[in-house]
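See below for the structure under consideration.
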Amino acid sequence: MTNPSVDTHLLPADRSAEPLLAVDNLHVEFKTRQGLVRAVNGVSYSLSAGETLAVLGESGSGKSVTAQAIMGILDMPPARIPKGEVRFHGTDMLRLSEEARTQIRGQRIAMIFQDALSALNPVFTVGWQIAEMFRVHKGMSKKQGYAKAVELMERVRIPAAKQRVHDYPHQFSGGMRQRIMIAMSIALDPEVLIADEPTTALDVTVQAQIMELLAELQRESNMGLILITHDLGVVADVADKIAVMYGGRIVEHALVHDVYASPAHPYSKGLLESIPRVDLKGQDLYAIKGLPPNLLDMPTGCAFHPRCPYRRDNCVTDVPPLYEISGTRSSACHYFREVLDGTSG
Ligand code: SF4
């Protein structure tokens, strides 16, 4: 759904050739006292309307930094984007003025953060905070803003929304606060919604409800949804495709059912095997050995080699490119065929 209030001069004449959002060869680095941290190294992915892309990886993999670059909310400096594009309807947002980006941010591309309690302002009622968005962006009156707030709270299924619109964030449970964050993020009908670990702080039942709600809202409005998570288990039913990130790069990009059926990278395989299964009750949970790489001192060759059971000598010296396996699938592993075959190194 496009937002008619936004300047159309930002959009190219022909939108059909471009995906809704395209991240292309993005690099993000941070200058720190300890040295240069290359947090994102050549990440590319795209998103169409109505599509859900899950971006998966451990903390430090670059998934959230990529999202912050899309939103234009990185602190620059210390962050720097030396290369790459973030195209929205074909227009590279990295080259837009801050004023033009502000028109897109929050209105056409919105984001849900993982910690709803710190994202919401504790001294204002939730109704005031939602209504404020309508007053600022749509010029609505206070009364109209509150009516919209109640409508949105009902849409994200907050019981007794008419009464609870006057409550403060701390009066809601964690799951309800996350619903309020979702209500705020969809308030202005964004075309792209980025959800950064939206269920991390919640218990398993509430996690499932929130994922279901996001999927339902996406279907209703045909938004593109980017779901950032470290948990492969939560995306199975909602994502169309997955980009698995490790050490600032995409190591596997595929349709979600292909990854579940046969992962093509040892890291994705490890993540899949780490998902708790009811049929393996009583057995120890599988965990990928070792620790995520230190971005200040990245391993040579393939960044995953210190942890990889498939490792060969050349893995220590040669950085694997993202090999294209099929039109919808790629893997940054020299030995992806062996991984696909399930043969161990
Ligand atoms: Fe493992 Fe080598 Fe593949 Fe890297 S390139 S994931 S070390 S087999």
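The values are calculated or read from the model by the stated rules, or taken from the named source; none is laboratory data. Here the structure is a predicted model, which is why all the values come from computation and not from measurement. Ideal geometry is used to build each Cβ from the backbone, glycine not excepted, and the neighbour counts take in all protein chains shown. Side chains are part of the model used for accessible areas, which takes the heavy atoms of the whole protein and leaves out ligands, DNA and RNA. Shrake-Rupley method; radii C 1.70, N 1.55, O 1.52, S 1.80 Å.
Considering ILE325, ILE226, ILE242, ILE250, the condition of being under 30 Å from PRO19 (Cα atoms), within 15 Å of the ligand (Cβ to nearest atom) and under 16 Å from the mean Cα position of the chain (by Cα) is satisfied by ILE250 alone.
If you go through the range 238-254 and keep only what is out of contact with any Phe, Trp or Tyr (no Cβ under 9 Å at 6 or more places or on another chain), in a strand (DSSP E or B) and open to solvent by 10 Å² or more (accessible area, probe 1.4 Å), you end up with just ARG249.
If you go through the range 224-237 one residue at a time, how many are assigned to a loop (DSSP other than H, G, I, E, B) and in contact with a Ser or Thr (Cβ under 9 Å, 6 or more places away or on another chain)? The number of residues fulfilling the criteria is 3. From the list ASP284, ASP279, which one is open to solvent by 40 Å² or more (accessible area, probe 1.4 Å), outside any loop (DSSP other than H, G, I, E, B) and at pLDDT below 90? Among ASP284, ASP279, only ASP279 is open to solvent by 40 Å² or more (accessible area, probe 1.4 Å), outside any loop (DSSP other than H, G, I, E, B) and at pLDDT below 90.
To keep it simple, each residue is scored yes or no on (1) over 30 Å from VAL123 (Cβ atoms); (2) in contact with a Leu (Cβ under 7 Å, 6 or more places away or on another chain); (3) of a type in the set (A, V, I, L, M).
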{"position": "VAL150", "(1), (2), (3)": "no, no, yes"}
{"position": "ARG155", "(1), (2), (3)": "no, no, no"}
{"position": "GLN171", "(1), (2), (3)": "no, no, no"}
{"position": "GLU216", "(1), (2), (3)": "yes, no, no"}
{"position": "TYR246", "(1), (2), (3)": "yes, no, no"}
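Out of THR200, THR229, one residue alone is hydroxyl-bearing (Ser, Thr, Tyr), open to solvent by 40 Å² or more (accessible area, probe 1.4 Å) and in contact (Cβ under 8 Å) with a residue 60 or more places away in the chain. It is THR200. Only one of the listed residues (LEU340, LEU291) is farther than 22 Å from LYS241 by Cα, open to solvent by 20 Å² or more (accessible area, probe 1.4 Å) and more than 8 Å from the ligand (Cβ to nearest atom). That residue is LEU291. Screening the candidates GLU220, GLU197, GLU212, GLU216 for the property of being acidic (Asp, Glu) and closer than 30 Å to ARG311 by Cβ yields one hit, GLU197.
For the range 296-316, the candidate set comprises residues that are more than 14 Å from TYR335 (Cα to Cα) and loosely packed, with under 13 Cβ neighbours inside 10 Å; within that set, the residue that is farthest from the ligand (Cβ to nearest atom) is LEU296.
For the range 195-226, which positions are modelled with pLDDT of 80 or more and among the acidic types (Asp, Glu)? Matches in the range 195-226: ASP196, GLU197, GLU212, GLU216, GLU220. Residue pairs whose Cβ atoms lie under 7 Å apart, sitting 6 or more positions apart in sequence or on different chains, and linking a residue in the range 98-123 that is over 18 Å from LEU193 (Cα atoms) to a partner that is among the hydroxyl-bearing types (Ser, Thr, Tyr) and surrounded by 14 or more Cβ atoms within 10 Å (Cβ to Cβ), are PRO122/TYR168.
Note on the range 257-272: residues that are assigned to a helix (DSSP H, G or I) and either open to solvent by 10 Å² or more (accessible area, probe 1.4 Å) or within 13 Å of the ligand (Cβ to nearest atom) (or both) amount to 11.
Is it true that LYS138 is free of Cβ contacts under 8 Å to residues at least 12 places away in the same chain and either on the phi < 0 side of the Ramachandran plot or touching a strand residue (DSSP E or B) at 6+ places or on another chain (Cβ under 7 Å) (or both)? Spelling it out, it is not the case that LYS138 is free of Cβ contacts under 8 Å to residues at least 12 places away in the same chain and either on the phi < 0 side of the Ramachandran plot or touching a strand residue (DSSP E or B) at 6+ places or on another chain (Cβ under 7 Å) (or both). For the range 125-146, residues that are under 14 Å from ARG164 (Cα atoms) and open to solvent by 60 Å² or more (accessible area, probe 1.4 Å) total 1.
VAL28: hydrophobic (A, V, I, L, M, F, W, C), modelled with pLDDT of 90 or more and within 15 Å of the chain's Cα centre (by Cα), yes or no? No; evaluated as a whole, the condition is false for this residue.
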